[in-house]
C-alpha cells in the first residue's frame with residue numbers, strides 16, 4: 001500500500017511540513033524575518049515576567065516584584081531599540097502589547113491575590129478587573145494609537161503601568177503601615193481599572209519616563225528592605 005503521507009523514507013516532520021501542492025519548511029521563515037531586534041528584547045521582558053509569576057506562586061512577593069521591575073526595564077528598552085534601529089512597525093506594537101499582558105497585568109493580579117486580597121471573592125473580582133480593562137486598553141491602543149496634541153503624544157486612558165503601580169503601592173503601604181486595611185487595596189485598585197479605557201490622556205514624555213524610573217528604583221529599594229530585613 002502506498003504511503004498516504006508521501007514517499008517511503010519520509011519522517012513525521014516531513015509529512016507535517018508538506019502541503020497539497022508541494023513542500024515547505026516547518027519553521028515559517030517569513031514570520032521569523034518579521035521579528036526585529038526590539039521584538040527579541042520584548043521576549044526577554046516576557047521571560048522575566050514569567051519568572052516573576054513563578055515567584056509569586058512560590059510565595060516570594062518581594063523577589064517577584066523585583067524581577068517584575070526587570071521585565072519593566074526590558075519592556076521600555078524595546079521601544080528605545082525600535083527607535084534607534086528604525087524598525088518600528090504595527091507588528092512590533094502587537095508583540096509589545098502581548099508582552100504587556102504578562103509583564104504588567106498578570107503580575108499585578110498575582111500580587112493582589114497573594115499579598116493583598118482580604119478574601120478569595122475580592123481577588124476574583126479585582127483580578128478580573130485588572131485583566132479585562134487592561135486587555136481592552138491594550139487592544140484600544142493597537143487600534144487607535146497615540147493621541148497627538150501640541151507636539152506631545154498621549155496614551156488614551158491611563159496605562160497598564162499606572163494600574164500596576166497602584167497595586168505595588170498598596171503592597172508597600174500594607175507592609176510598612178499596619179493600619180492600612182486590605183479593603184483599601186480593593187477599592188483603590190478597582191477604581192483605577194476603568195480609567196484604562198477612559199478619555200483621560202496620559203502624556204508620553206521624557207519627564208513621565210524619568211518619574212517612572214525613579215518610582216521603580218524607590219520601590220525596588222523598599223521591597224528589598226522588606227526581604228533582607
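Annotations
- Overall form of the range 35-228: prolate. Here a/c, set by the Cα gyration tensor axes a ≥ b ≥ c, is 1.5 or more, and a/b is the larger of a/b and b/c.
- The listed peptides 44-56, 96-108, ordered by packing as a protection proxy, come out as 96-108, 44-56 (highest mean of other Cβ atoms within 10 Å first).
- Protection proxy ranking of 66-75, 207-216, by the mean of other Cβ atoms within 10 Å over each peptide's residues and highest first, is 66-75, 207-216.
- Inter-probe distance in nm under a simple model that places probes 7 Å from Cα toward Cβ, at residue 207 and residue 142: 3.2 nm
- With the highest mean first, a sort of the peptides 126-135, 179-188 on other beta-carbon atoms found within 10 angstrom per residue produces 126-135, 179-188.
- Inter-part distance where the range 128-151 and the range 194-226 are each reduced to a Cα centre, Å: 17 Å
- Label-to-label distance, nm, for residues given as residue 94 and residue 58 (7 Å Cα→Cβ offset): 3.4 nm
- Tilt relative to the chain, helix 61-85 - C-alpha long axis, 0 to 90 degrees, to 10: 60 degrees
- Efficiency of FRET between residue 217 and residue 125 - r from beta-carbon atoms, R0 30 angstrom, step 0.05: 0.40
We did not get these values from a lab; they are worked out from the coordinates using the rules stated. Small disclaimer: the values here were computed from a predicted structure and weren't measured. Glycine gets a Cβ as well: all are built from the backbone with ideal geometry, and neighbour counts include every protein chain shown.
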